[in-house]
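Data first, discussion second: the structure below is written as structure tokens.
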Amino acid sequence: QSVLTQPPSASGTPGQRVTISCSGSSSNIGSNTVNWYQQLPGTAPKLLIYSNNQRPSGVPDRFSGSKSGTSASLAISGLQSEDEADYYCATWDGSLNGSYVFGTGTKVTVL
Amino acid sequence: QVQLVESGGGLVKPGGSLRLSCAASGFTFSDYYMSWIRQAPGKGLEWVSYISSSGSTIYYADSVKGRFTISRDNAKNSLYLQMNSLRAEDTAVFYCARGHDYGGIAFDYWGQGTLVTVSS
């Protein structure tokens, strides 16, 4: 079981803002940067946010990330139908011998 | 452009072995950390193993430690995962991913994945 907890689902109508939480501990989120990955149906994951709040080239600015203490969040503003996907937070965990840990994943549905 | 192409997946019996390969192109392979990440059918992502650019530092998830071995050949731009003593719970799509050091490692490019099925 994952050490990073996310809500299993989130939803919104087109144009709405959706926020996904990611809860960890002092050994992972509390002491390392957080990354977010988007996995569209039937495809490989894609890096969406790195270093808590940085977007790789090509990622729309309606995706934003933040971190506070042992929690992190991903926000999608101006939700679009193509945002319907699974989203995973991830970071390194110092208590697990160099392990990289993923969150439980959140399925975002555009209503 | 960066490309990662996995191969070597297939059907194997419990207790059997399989070797996955990942062919990299479009970047200087020897400059980057690499990792294997898997996803069981209908489940979330699980990190499996990581190897530093030179191969000197390696980490494994507890679930595969002692059974899986990661390696790389920088001359051939290739990453490998030797999987022994396979179990039904190892059934998954295995992705290779490039680790980029942004001041913390993130996996910025992923292959399309190769399916490993462990079943009798």
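Some notes on this structure:
- Averaging 1/r across all pairs of distinct Cα atoms in region B:4-61 and inverting the result yields a Kirkwood radius of 13.3 Å.
- Region A:49-54 - phi-based ³J(HN,Hα) in whole Hz, Karplus 6.51/-1.76/1.60, Gly and Pro as x: 9, 10, 6, 6, 8, 9
- Taking amide hydrogens as placed 1.01 Å from N in the peptide plane, the amide H of residue B:113 sits under 5 Å from those of B:6, B:96, each at least 5 positions away in sequence or on another chain.
- Applying Stokes-Einstein at 25 °C and 0.890 mPa s to the Kirkwood radius of region A:11-65, computed over alpha-carbon pairs, gives a translational diffusion coefficient of 191 µm² s⁻¹.
- Projection of the Cα convex hull of region B:32-80, averaged over all directions and equal to a quarter of that hull's surface, yields 3.9 nm².
- Accessible surface comparison of A:86, A:93, B:108, probe 1.4 Å, protein chains only, largest first: the order is A:86, B:108, A:93.
- Projecting the Cα atoms of B:64, B:97, B:29 onto the charge dipole of chain B, computed from C-beta unit charges around the Cα centre, puts B:64 farthest toward the positive end.
- Using the Karplus relation 6.51 cos²θ - 1.76 cosθ + 1.60 with θ = phi - 60°, the per-residue 3J(HN,Hα) values for region B:110-120 come to 10, x, 7, x, 9, 8, 10, 10, 10, 7, 8 Hz, with x marking Gly and Pro.
- Using Cβ point charges alone (K and R +1, D and E -1), the dipole size of chain B about the Cα centre works out to roughly 340 debye.
- Rule-of-thumb Rg ratio for chain B [Cα; 2.2 N^0.38 Å; N residues]: 1.00
- Stokes-Einstein D for the protein assembly as shown, Kirkwood Rh over Cα pairs, 37 °C, 0.692 mPa s (µm²/s): 183 µm²/s
- Chain-alone versus full-assembly comparison, region A:37-74, residues with accessible loss of at least 30 Å² (1.4 Å probe): A:37, A:39, A:44, A:45, A:47, A:50
- In percent, rounded to a whole number, the relative contact order of chain B is 35, using alpha-carbon pairs under 8 Å and six or more apart.
- For region B:53-64, backbone phi angles converted through the Karplus equation (6.51, -1.76, 1.60; θ = phi - 60°) give residue-by-residue couplings of 4, 8, x, 7, 10, 9, 10, 10, 5, 4, 5, 10 Hz, Gly and Pro being listed as x.
- Inverse mean reciprocal Cα-Cα distance (Kirkwood Rh) of chain A, Å: 13.8 Å
- Taking Cα centre as origin and charging only the Cβ of basic (Lys, Arg, +1) and acidic (Asp, Glu, -1) residues, the dipole magnitude of the protein assembly as shown rounds to 260 debye.
- The trypsin sites (Lys or Arg not before Pro) found in region A:39-111 that occupy coil by DSSP, while having at most 15 further C-beta atoms within 10 Å, are A:62.
The values are calculated or read from the model by the stated rules, or taken from the named source; none is laboratory data. Everything numeric here is computed off the predicted structure, so don't read it as measured data. Counting neighbours? That spans all protein chains shown, and the Cβs are built from the backbone with ideal geometry, glycine included. Side chains are part of the model used for accessible areas, which takes the heavy atoms of the whole protein and leaves out ligands, DNA and RNA. Shrake-Rupley method; radii C 1.70, N 1.55, O 1.52, S 1.80 Å.
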